[in-house]
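Enquirer: The structure's right below; bear with me while I get my questions together.
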């Protein structure tokens with residue numbers, strides 16, 4: 001462990017205790033010699049200004065909190081393990097959406113890599129040993145993400161054009177952004193649409209001509225957002241009007257029983273080893289795609305309209321293979 005990590009560890013130990021810590025305990029916790037502990041105490045106290053006091057009565061060291069000030073290490077301090085974790089998180093962000101936040105993190109990343117390399121930690125291992133595979137991710141323009149994030153945090157309205165895939169229609173909208181959502185490897189914006197006078201979810205990759213307005217965004221209470229966006233299955237939000245009952249074969253049940261499709265789902269094992277899953281939904285489009293994904297390993301037990309929709313899609317799929 002290098003000097004920086006020892007100072008960081010000593011500060012963390014002293015900061016977490018409100019009673020004097022003996023030299024013997026510090027040596028054991030830091031796994032180093034008494035002279036090393038003394039050097040770290042002097043550096044932390046004399047060079048970095050930590051109010052470390054030696055208590056003769058209890059024969060230990062303590063951070064003096066009598067002044068009421070909360071001491072922290074100056075600047076941005078991280079251990080090597082935390083720097084490696086930050087580098088890994090940044091790599092994950094890059095792989096999730098190439099180019100997203102690359103410019104904002106570039107200098108920060110260079111500093112992290114420089115510190116790690118100075119301490120003989122190979123940063124290239126992050127790129128070699130971690131793999132992030134994206135399936136179905138759509139490209140999101142970094143400038144769109146930045147504008148949407150800024151408006152959401154600063155509580156400002158957005159002026160935008162939105163292309164609806166379902167009807168291949170382009171519309172102009174003024175919206176009040178509420179939340180940014182990362183769902184199934186794509187970014188969405190939960191908004192209050194002032195044209196529709198209703199809550200709407202917009203895919204960031206379908207937004208063009210995005211501009212933040214000076215007007216203050218309409219504030220929707222968190223409870224109302226949660227009811228609307230979390231009440232039913234999938235990204236197609238709204239009130240849950242139905243309950244889907246799905247029965248999975250014993251072969252597939254071992255996987256599905258450990259998955260969460262919705263916070264309000266209910267699951268039960270049946271005598272033949274199959275697994276029955278019940279969950280609320282409003283719009284069936286996404287749910288139908290997930291059910292079809294399991295093919296012959298799932299059967300829709302209820303409601304009847306969902307059964308008919310799945311049956312119709314399967315029949316149409318079979319016709320694709322008929323001469």
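Enquirer: If each of residue 320 and residue 174 carries a label point 7 Å out from its Cα toward its Cβ, how far apart are those two points in nm?
Expert: 4.4 nm
Enquirer: For the stretch 3-63, what is the convex hull (Cα atoms) projected area averaged across all directions, in square nanometres?
Expert: Approximately 3.6 nm², given one-decimal rounding.
Enquirer: At a Förster radius of 51 Å, what calculated FRET efficiency corresponds to the Cβ-Cβ distance of residue 184 and residue 56, to the nearest 0.05?
Expert: For residue 184 and residue 56, the calculated efficiency is 0.25.
Enquirer: Report the full-extension gain for the segment residue 39 to residue 294: residue separation times 0.36 nm, less the Cα-Cα distance, to one decimal in nm.
Expert: Length difference between fully extended and current span is 85.5 nm.
Enquirer: Right, something else. According to the Cα gyration tensor, what semi-axes, each the square root of 5 times an eigenvalue, does the equivalent ellipsoid of the stretch 254-293 have, listed from largest to smallest in whole Å?
Expert: Semi-axes (√(5λ), whole Å): 20, 12, 9.
Enquirer: Just need the relative contact order of the stretch 215-323 here, percent rounded to a whole number, with Cα pairs under 8 Å and 6+ apart.
Expert: 28 percent
Enquirer: With a ≥ b ≥ c the root eigenvalues of the C-alpha gyration tensor of the stretch 142-230, is it rounded (a/c under 1.5), prolate (a/b larger than b/c) or oblate?
Expert: rounded
Enquirer: Bin width 10 Å, origin at 0, all Cα-Cα pairs of the stretch 242-319: what percent of pairs per bin?
Expert: 18, 55, 25, 2
Enquirer: Over all alpha-carbon pairs in the stretch 169-323, figure out the percentage whose distance exceeds 29 Å.
Expert: Working: 3906 of 11935 pairs.
Beyond 29 Å sits 33 percent of the P(r) for the stretch 169-323.
Enquirer: Related question: Take the alpha-carbon centre of the stretch 274-309, take the same for the stretch 191-253, and report the distance between them in whole Å.
Expert: Centre-to-centre distance over Cα atoms comes out at 20 Å.
No value in this document is a laboratory result; all are computed from the given coordinates. All of these numbers come straight from a predicted model, not from anything done at the bench. FYI the Cβ positions are ideal-geometry reconstructions off the backbone, even for glycines, and counts take in every protein chain you see.
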